[in-house]
Amino acid sequence: METLVVDHPLVAHKLTTLRDVRTDSPTFRRLTDELVTLLAYEATRDVRVSEVTLETPLTRATGTQLTRPTPLVVPILRAGLGMLDGMTRLLPTAEVGFLGMARNEETLQPATYADRLPQDLSGRQIYVLDPMLATGGTLAAALQLLVERGADHITALCLLAAPEGLTAVEQQLEESLDPDHGATLRVVTAAVDERLDENGYIVPGLGDAGDRLYGCH
């Protein structure tokens, strides 16, 4: 598993405002949208493309277009929805699937409550949207489900990640997936924070992303 921290002044600037407890929900949503677009730019650097021939107003030229099947964007409900517009702004032709996974606040383990994904994901590049990679349980469960359906190229976009979560995802996937599968797994994030607290929240973090996006606890 590869982790890419996007080191850019605009990413750091927008993330700083997202962390601020004084930032209201409308501003939080707008900045999340903008930040995700910046992360998506890096996350799609290896999106699959093919060469095409076209006519410009002056002459014939060669260009590049996305290959088929088109990429699949998968926001993890509910907070992942706040990242969807920022991602599809760069990939307007991508298809969108939905995966509902909630963390049990007592066990800190994920539970799936919604699955709107194709049964066969062979040959698809998948972009998973999950704002907070905290304990790693939710993301690991989502990645395992995608790989089991045939996905072999998965990129997760997260606003923030905790070191413990990154380690947990890698360990869980190593234990549960066939090493001969050949799946490529990558996490793209704006920052890797210090640690998790005793409640499984990222420190310093930015709080509960879903609550701050939608203003509903």
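The values are calculated or read from the model by the stated rules, or taken from the named source; none is laboratory data. These numbers were taken from a predicted model, which means no experiment stands behind them. Positions of Cβ are generated from backbone atoms using ideal geometry, with glycine treated the same way; all protein chains shown enter the neighbour counts. Heads up: the accessible areas ignore ligands, DNA and RNA and are worked out on the full protein's heavy atoms, side chains in. Shrake-Rupley method; radii C 1.70, N 1.55, O 1.52, S 1.80 Å.
Going through (1) free of Cβ contacts under 8 Å to residues at least 24 places away in the same chain; (2) farther than 28 Å from GLY205 by Cα; (3) of a type outside the set (D, E, K, R) one by one, PRO71 falls short only on (1). Find the residue count for segment 55-86, including only residues that are among the hydrophobic types (A, V, I, L, M, F, W, C), open to solvent by 70 Å² or more (accessible area, probe 1.4 Å) and at pLDDT 95 or above. Counting residues in segment 55-86 that are among the hydrophobic types (A, V, I, L, M, F, W, C), open to solvent by 70 Å² or more (accessible area, probe 1.4 Å) and at pLDDT 95 or above gives 1. Applying the condition of being in contact with a helix residue (DSSP H, G or I) (Cβ under 7 Å, 6 or more places away or on another chain) and of a type in the set (Lys, Arg) to segment 1-42 and asking which residue is surrounded by the fewest Cβ atoms within 10 Å (Cβ to Cβ) yields ARG29. Look at segment 29-44: where a residue is under 20 Å from ARG78 (Cβ atoms) and a partner is polar (S, T, N, Q), sitting 6+ places away or on another chain with Cβ atoms under 8 Å, you get LEU31/THR17; LEU31/THR23; LEU39/THR189. Residue selection: ASP120 satisfies the criterion of being open to solvent by 20 Å² or more (accessible area, probe 1.4 Å), of a type in the set (Asp, Glu), in contact (Cβ under 8 Å) with a residue 24 or more places away in the chain and over 30 Å from THR27 (Cα atoms).
Restricting attention to segment 123-134, the residues that are surrounded by 14 or more Cβ atoms within 10 Å (Cβ to Cβ) and either free of Cβ contacts under 8 Å to residues at least 12 places away in the same chain or of a type in the set (Gly, Ala, Ser) (or both) total 1. Can you find even one residue in segment 56-73 that is closer than 24 Å to GLY215 by Cα and touching a helix residue (DSSP H, G or I) at 6+ places or on another chain (Cβ under 6 Å)? No, there is no match, as no residue in segment 56-73 is closer than 24 Å to GLY215 by Cα and touching a helix residue (DSSP H, G or I) at 6+ places or on another chain (Cβ under 6 Å). Restricting attention to segment 109-128, the residues being more than 18 Å from the chain's Cα centre (by Cα) and of a type in the set (Lys, Arg) number 0.
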